[in-house]
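The values are calculated or read from the model by the stated rules, or taken from the named source; none is laboratory data. Bear in mind the structure is a predicted one, so any value in this text is a computation, not a measurement. Positions of Cβ are backbone-derived with ideal geometry, glycine not excepted, and every protein chain shown enters the neighbour counts. Accessible surface areas use protein heavy atoms only, side chains included; no ligands, DNA or RNA. Shrake-Rupley method; radii C 1.70, N 1.55, O 1.52, S 1.80 Å.
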Amino acid sequence: MASENKRIAKNTVFLYIRSFLMMAINLYASRIILQALGVEDYGLYGAIGSIVAMFTIINGSLSSGTSRFLTFELGRGDMAKLKKTFNASLAMHTAMAGFLFLLMETVGLWFVNYKMNIPAGREFAANVVYQMSVLTCMFSLTQVPYSATIISHEKMDIYAYVGLVEATFKLALVFALLYLPFSDNLIAYSIILALWGAGLQLFYRFYCYKRFAETHLSFCREKKVYTEMLSYSLWDTVGAFCATGNYQGINILMNVFFGVTVNAARQVSYQVETGINQLASNLVTSINPQIVKNYAKGDYKRFFQLIYEGGRYAYYLMFFIAFPVCLEANYILHLWLVEVPEYSVLFLRFVLCISLFRMFSRSILSGVHATGNVKTLNLTSGVYSAGTFLPAVYIAYKLDAPVWSCFVIQSFNLCICTMFEVRALYKQIHFNIADYFIKVYAYSIGVSLVSIIPSVLLVWLLEPSFLRLILTLVISTISLSFCIYTIGINKDTRSKINKFVFNLKSATIIQYTIKGRFMSR
């Protein structure tokens, strides 16, 4: 267990380095990109990307299956089956890429040109953006088995190194948009970003080929391998519709009813949320392989411990940043962007609150997928969400409901889905549901409610300023850290923290003592 915890901590650190770099660069870049493209083109880019993403819903289920089966075989130590699983997944993703390419170049292209709300004179640019998005999509689809292999082997350091290069490139691209004489910044941005994405995917494939023997290509002829993965993926397809379909469908509905300006506001809010969410999700990403491997070994005690801790600690990590950003959303967005699209502040607060709530369920979903039986989950949570959310939003917009009403509907929808998700894991491996909600939800929410009091008082007493922003960040961090230490973790974890701090302090004292004696000589 100690080695597992060290591995999880190490991988989390590497992923944090990558995510922090990408978040910092992306947030700064978004300001410049919005300035260089303008609100309309920025919103158009996001809306076009949503069309392509809608066609990759089925691929999401294959991706989940690939990651689960590769990690499961690693946990069992069956290297022959691992190689067959990788090559079978690559064959299925390649076939899926060809099928989706046909759909995107027929149905998708028709929708872009005849149904999208595109500003006059930007039709050609919209089509170029669409084709570049299709190119990126094709590379991403066939990249999934390679990315899943890296995560299954828990080689997260490569993401940190590549993240540094990627962050540097995106920063250079941002300044190129401002200072190089492109005839159309939107077209140039989409082409350069697509080519960079393709090059990055090729690098990851080369890395996998050199490091992991199972990625050496050889056609898998065992029908059983394909059947197992396709059976898993078939049921998981509904869950993919629930997630990707709802997310991208809202973007399209907003475009149809309110135009590209609202798309820009939503894109800004999700740009911030994605960066913050990724920081917290790194812990879940690091824990996922261990959840699957412990299930494969039959260590159910450790399996449930990781699920409990994953949900609770991921929520804490996100709350550290999400809460002060919610409080200071208006000031932060105006400090960050030259021109803040209407509704951006309101959207950001809604999106962060929803994302915080969903952080609890990430480890539960990992547990369900580790069992390999996702039928119950997708026949309940998936069918309910996919069948009610978008129709409810469409009806609300038809009845002239405000644009933000979609977030209220989404919040109610996700509460119901959470109950279905917990029930799905309970049906596979019985556990104390009441104990889970108390230790994960009740403890975490209690910590949050107590810790926010000083920061809320500060914001209420002081006028908006950079000083208030810094004070809010510092006070909320201290308050939350204290509440987590005193009431948000158990005695064993608290003892480990005390031991770690004591050892660190002792090592520092010894280091300075040795250094002092050496200097005195």
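The slack between Ser405 and Leu458, meaning 0.36 nm per residue of separation minus the straight C-alpha distance, is 16.1 nm. Put the Cα centre of region 148-217 next to the Cα centre of region 301-324 and the gap is 29 Å.
Strictly over 26 Å apart at the Cα level, which of Lys170/Lys293; Lys223/Lys427; Lys115/Lys375; Lys224/Lys375; Lys84/Lys210 would you flag in this model?
Values: Lys170/Lys293 36 Å; Lys223/Lys427 29 Å; Lys115/Lys375 35 Å; Lys224/Lys375 19 Å; Lys84/Lys210 18 Å.
As for pairs spanning more than 26 Å Cα to Cα, those are Lys170/Lys293; Lys223/Lys427; Lys115/Lys375.
FRET efficiency for the Lys301 to Arg122 pair, using the beta carbon distance and R₀ = 45 Å, is estimated at 0.20.
Calculated accessible area for region 131-206 comes out at 42 Å² per residue, all protein chains present (probe 1.4 Å; ligands, DNA, RNA ignored). With both labels modelled 7 Å from their Cα along Cα-to-Cβ, the Thr227 to Lys398 distance reads 4.4 nm.
Assuming 0.36 nm per residue, please report the length gained on full extension of the stretch Lys499 to Val450 beyond their Cα-Cα distance.
On the way: separation 49, 0.36 × 49 = 17.64 nm, distance 2.63 nm.
This chain segment gains 15.0 nm when fully extended.
Met138 sits with roughly 40 Å² accessible to a 1.4 Å probe, with DNA, RNA and ligands left out of the calculation. Here the Karplus curve 6.51 cos²θ - 1.76 cosθ + 1.60, taken at θ = phi - 60°, turns the phi angles of region 93-110 into couplings of 5, 5, 5, 5, 4, x, 5, 5, 4, 4, 5, 5, 8, 10, 4, x, 5, 4 Hz, with x standing for Gly and Pro.
Could you work out the local net charge near Ser455, counting Lys and Arg as +1, Asp and Glu as -1, over the other residues with Cβ closer than 12 Å to its Cβ?
Values: positive: Arg468; negative: Glu328.
Here the charged neighbours net out to 0.
As a ratio to 2.2 N^0.38 Å, the alpha-carbon radius of gyration for region 67-211 is 1.28.
What does the charge count around Phe72 come to, taking other residues whose C-beta lies under 12 Å from its C-beta (Lys +1, Arg +1, Asp -1, Glu -1)?
Values: positive: Arg68, Arg76, Lys81, Lys293, Lys297; negative: Glu73, Asp78, Glu228.
Local net charge: +2.
The residues of region 370-450 expose on average 47 square angstrom of accessible surface per residue, using a 1.4 Å probe on protein heavy atoms. Extension gain, Asp184-Trp196: 0.36 nm per intervening residue step, less the Cα-Cα distance, totals 2.5 nm.
By the gyration tensor of its Cα atoms, with a ≥ b ≥ c the square roots of the eigenvalues, what is the shape of region 314-471: rounded for a/c under 1.5, prolate for a/b over b/c, or oblate? Show your work: numbers first, answer last.
Details: a/c = 2.77, a/b = 1.44, b/c = 1.92.
Oblate, since a/c reaches 1.5 and b/c is not below a/b.
Only aspartates and glutamates eight or more places from Lys83 in sequence, or on another chain, were considered; those with a Cα closer than 14 Å are Glu73, Glu214, Glu222.
Counting other Cβ atoms within 10 Å, keep those with at most 10, restrict to DSSP loop, and tell me which trypsin sites (Lys or Arg not before Pro) in region 189-233 are left. Each step should come with its number before you reach the end.
On the way: sites: Arg205, Lys210, Arg211, Arg221, Lys223, Lys224; in loops: Arg221.
Loop-located and lightly packed - Arg221.
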